[in-house]
Every structure is written in structure tokens, then in C-alpha cells.
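I'd like to ask you about the structure that follows.
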Amino acid sequence: MVGGCDEAASPEVDGLELDIEAAEEVVGPMAYDEDLDDYVAVGDYDEGKVLNYIKGKHLFEKETFDGNGRTCVTCHTRETGKLSPDEIQALWDEDPSHPIFRALDSDEGLGASYDRLRTMGTIRVGVDLPDNVTLVDDPNQRKVVFNRGIPSTLDTPALDPVLMYDGRQPDLASQANGAIHDHAAPGREPSAEELDLIAAFQQTFSFYSSIRTFIYAKGGPAPHLPQGKTESEKRGREWFVDSPTGLCSHCHSGPMLNQTNEFLFLPLAPGSRFVSVAVSEFNTPQNPVYTFAFANPEDPNDPILVQSADPGRALITGDPADANTFKIPSLRGLSKRGGPYFHDASAKTLEDVTDHYAAYFALPPANLVLTEQEKADITAYMKLL
Ligand code: HEC
Ligand code: HEC
């Protein structure tokens, strides 16, 4: 097995009710600092660190880089690490000039209406086409814009080296630079020091979904699979136990439940991070569908055509075999992060996620029909992660 779910390995880290004392057993004495609004390891508490923390917090929450008024916290709230369609609608009711409502994320790009943003909560994300790919209907276009959901900044900065739904950013500093340019129309360039401060700030205490992932990030034991209390939760757990029949575990394995294991039916090495679960294929939000032409190394006159609303990883690798594959996201703290889920924000709730998987497993090669009881069990268990 890929590991991480071994009960015996982490007896002291059992359940979500863990408090700061359990963390202290791993990282040493911690103190809550009111000015910092954060826990700080006492051994780590030197003036330089505190200053960097204050600077990082300012950069994440307040700094606009002389741009359109947006900051990181405009889209990544301090509570859930993301921003739901309900929250966006509430902001609209309160103040339609709020920085989330900027023309670049409006329906037609001109700022006239924001229906997509208010109902789906998706952001317009531009991806450069690799050299070997063109758009059939617009051959000179080198960039395509997709409607993508806002992923949570909980856990990911410290615990996932793969950044973005298509894995296109190599590290946090580069990611922050991209975010500032893509979303905030900056009037000045961020400095390398500022980007590093943003990266470091995103790894402080309040950026973890629970004390369990915090302890893990600090070198403590990996979080395991909660046992579940009700019969339904206990049955739901079986889907996540590494085994041929634990279907969710085939892709949601390892400590963060974000990598494949050896039971997956696809020819992918255990530990793989990119697969398709037919989210782009189903295209439930009815995003525009494009035809991409990938150069055919065997015959330049016969390109490989891919039709998709968002081919994901394939536009980073340039390999049509990666079409519609996306990063397998961590499932830790799912209920704390809240919906919507998937790269196109098509599942508003965890119930919707289960419905999606019921439709996906009904396809070949699984050809499996989930019962209502099984669906309820899976949903109940996801809420414990
Ligand atoms: C307008 C909304 C918006 C703003 C502002 C914004 N982000 Fe994001 N963020 C997104 C979206 C959308 C994605 C996913 C895009 C993709 O994968 O193509 C994302 C992805 C991320 C990720 C990767 C998460 C993952 O699961 O891989 C991190 C980290 C992140 N943002 C941090 C930041 C930081 C730091 C800032 C400020 C410098 C920022 N974001 C500003 C919308 C926003
Ligand atoms: C074949 C691999 C695979 C299997 C099997 C699988 N998943 Fe996933 N899961 C993924 C991928 C890839 C994504 C991202 C898909 C996207 O956004 O297009 C994902 C996304 C999710 C998300 C959304 C998380 C978020 O933050 O947006 C949840 C929840 C989830 N899966 C739960 C499950 C459950 C429950 C099962 C079993 C019923 C399961 N998965 C089975 C690969 C898989």
C-alpha cells in the first residue's frame, strides 16, 4: 500500500477533537499571539519571524500591487481558503463594486453582468497553449481561457508540491506571481522577497484544515483514516481503505488522499497525481467546447484532435494522452473547505460529488451501479475527512 493510513503508526493523533496540546507534543511549546492572530512555536519565536509573519499577512490580505483592488484574500478567505458562490452572491447583494467583481471575470469580459461568477463561483483562467497545440477554429490564438473553480488554500501550500488543477506552477512563489498578474492587474511588479513572504505566510498555522495536517506538516505522523462512529460512516470508510474493492482509494490514497495506489485499473504507477474522472467529459456547467489540434509526430498533416471544455494537464505536457486529466486533490478537511468541488466547480455539495461518481462508475470499465445506501455512506464518510 502507498501508506499513511496505518492505524498503529499514529495512535496519538486520533480524531478531529485534537487540540493545541497534541500539536505541542510534536512541535514543542506553542503560544497564541493576539497580534499575529496565530499560534507560534515558542522556540521559533524570534523577532525576524514575527516581522515576516506580519509582512506576509499584509501581502496576502491587503496588498493590491497598485492593481484592481484584489488581494489573495478576495478569493481565498481565511476560514475556508476559498470563496463559495453563496458568499459571492452575498457580496454582490452588499456591494456590487467589491473587488471580486472585476470585468476580467464577468460574463462577456466587459463588466456588464456577473451571472456565472454569482451562480458557479468560477474565475476566468488563461492558459498558454504549448508549441505543439493550436485551436482549430482560431489558429493564431496562443492562449485559451477556462472557467475554473477556486481551490482552497488550506493544507495545499505546505503539503502539496503539485500546484493548480493542471499542475502548471512549479512552486508557491511562482504561483503567487502568476496569481497577482492573472487576477489583480498589478500596477507594479511584486519583488522576489514579497513572493517568498506570501509563500511562507501560507504555511502558518491557520492555513491547515485541522491540527492533524498541521502536525503532519511539522514532521509528525501522517493523518490516518478516521474510524467513523455510525454504521453508515463505517461502511463509507471501506471505499477509502487501500484494497481492490476500496474504489475511492484507487486515486485517493496516501497521507493526503491525493495519489493513486496499486489497485487502480489504469496503467499508472502508484503515487500518480493526474487522472480523469470525466468532469470535463460530462461538462455539466456547459462551458464552451474547443477543438484542440495536437501535432502528430508521425504525420504532420494529420494532427490529433481533442474536443474539450478544458483538457487540463494536456495543455501543460503537450501530450494528447493527458486530455481531461486533472490533479487528484487532497480530501483532507473537505467539510471545512466547503463546496463547490471539482475544477469546474460543478459539484456544489458533497452529495453532488457522490452523484458524479455514481455516474462515473456506471461507465465502463467499472459498470457499477451504486445503491442509495452506498451513496449515503460515501457522503457521510467524506464529511469526516
Ligand atoms: C480572482 C480570484 C483569485 C485571486 C485574487 C487569487 N486566487 Fe489563488 N486561485 C484562484 C483560482 C481560480 C485558482 C485555480 C486556478 C487553476 O488551477 O487554473 C487558484 C489557485 C491557487 C493556489 C493553488 C491551489 C491548488 O489546489 O493547487 C494557490 C496556492 C493560490 N491560488 C494562492 C493565491 C495567492 C497567494 C493569491 C494572492 C497573491 C491568490 N491565490 C489570488 C483564484 C484566485
Ligand atoms: C480514477 C481516479 C479517481 C477515483 C477512483 C476517485 N477520484 Fe475523486 N478525484 C479524482 C480527480 C482526478 C479529481 C479532480 C477532478 C477534476 O476536478 O476534474 C477528484 C476530485 C474529487 C473530489 C473534489 C475535491 C475538491 O476539493 O474539489 C472529491 C470530494 C472526491 N474526488 C471524492 C472521491 C470519492 C468519494 C471517490 C469514490 C467514490 C473518488 N473520489 C474516486 C480522482 C479519482
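Under a crude label model (7 Å from the Cα following the beta-carbon direction), how far is Glu372 from Ala192 in nanometres?
6.1
For Ser174 and Phe282 in the same chain, what is the full-extension length gain: residue separation times 0.36 nm, less their Cα-Cα distance, in nm? Intermediate results must be reported in sequence, preceding the final value.
Numbers: separation 108, 0.36 × 108 = 38.88 nm, distance 3.16 nm.
Full extension of this stretch gives 35.7 nm more.
Once amide H atoms are built 1.01 Å from N in the peptide plane, which residues 5 or more positions from Gly318, or in another chain, come under 5 Å H to H?
The list, which skips near neighbours in sequence, is empty: none.
Amide H neighbours of Leu163 under 5 Å, counting only residues 5+ apart in sequence or on other chains, H built in-plane at 1.01 Å?
Close amide H contacts, sequence-distant or interchain: Gln169.
Still on this structure, please answer the following. What are the lysines whose alpha-carbon lies under 23 Å from the alpha-carbon of Lys375, with same-chain residues fewer than 8 places away excluded?
Lys229, Lys234, Lys336, Lys348, Lys383
Over all distinct alpha-carbon pairs, what is the Kirkwood Rh of the chain in angstrom? It would help to have the intermediate numbers written out before the result.
Values: mean 1/r = 0.0449 Å⁻¹.
The answer is 22.3 Å.
Which far-off residues, 5 or more places away or on another chain, put their amide H under 5 Å from the one on Gly312, with H placed in the peptide plane?
Hits under the 5 Å cutoff: Asn324.
How long are the semi-axes of the equivalent ellipsoid of segment 256-351, defined as square roots of 5 times the Cα gyration tensor eigenvalues? Whole Å, largest first. Working shown, then result.
Numbers: eigenvalues 152, 69, 16 Å².
Semi-axes from the Cα gyration tensor: 28, 19, 9 Å.
Quick one: 3J(HN,Hα) in Hz for segment 335-350, Karplus 6.51/-1.76/1.60 with θ = phi - 60°, rounded, Gly and Pro as x.
Once θ is set to phi - 60°, the couplings for segment 335-350 become 6, 5, 5, x, x, x, 10, 6, 5, 9, 6, 7, 9, 6, 10, 5 Hz.
In the chain, with Lys and Arg counted as +1 and Asp and Glu as -1 at Cβ, which of these residues, Thr64, Gly246, Pro320, has the Cα nearest the positive end of the dipole, that is, farthest along it?
Final value for the positive-end residue is Pro320.
Still on this model: Let me check the size of segment 55-138 from its C-alpha atoms; what are the radius of gyration and Dmax in Å?
In order Rg, Dmax, the Cα atoms of segment 55-138 give 15.2, 46 Å.
Right, another one. Across segment 176-182, in residue order, what do the Karplus-derived ³J(HN,Hα) couplings come to in whole Hz, using 6.51 cos²θ - 1.76 cosθ + 1.60 with θ = phi - 60° and x for Gly and Pro?
5, 4, x, 4, 4, 6, 6
To one decimal place, what Kirkwood hydrodynamic radius in Å is obtained for segment 163-241 from all pairs of distinct Cα atoms?
Numbers: mean 1/r = 0.0635 Å⁻¹.
This gives a value of 15.8 Å.
May I ask you to compute the full-extension gain from Leu363 to Leu266, defined as 0.36 nm times their residue separation minus their alpha-carbon distance, rounded to one decimal in nm?
Details: separation 97, 0.36 × 97 = 34.92 nm, distance 1.43 nm.
Stretched out fully, the Leu363 to Leu266 stretch lengthens by 33.5 nm.
Calculate, for Ser335 and Asn68, the FRET efficiency according to 1/(1 + (r/R0)^6) with r their C-beta to C-beta distance and R0 45 Å; round to the nearest 0.05. Show your work: numbers first, answer last.
Values: r = 32 Å, r/R0 = 0.72.
The pair Ser335/Asn68 has a calculated efficiency of 0.90.
Where a number appears in this text, it was derived from the coordinates with a stated rule and is not lab data. None of these values were measured; they are calculated from a predicted model. Note that we place each Cβ from the backbone using ideal geometry, even for glycine, and neighbour counts take in every protein chain shown.
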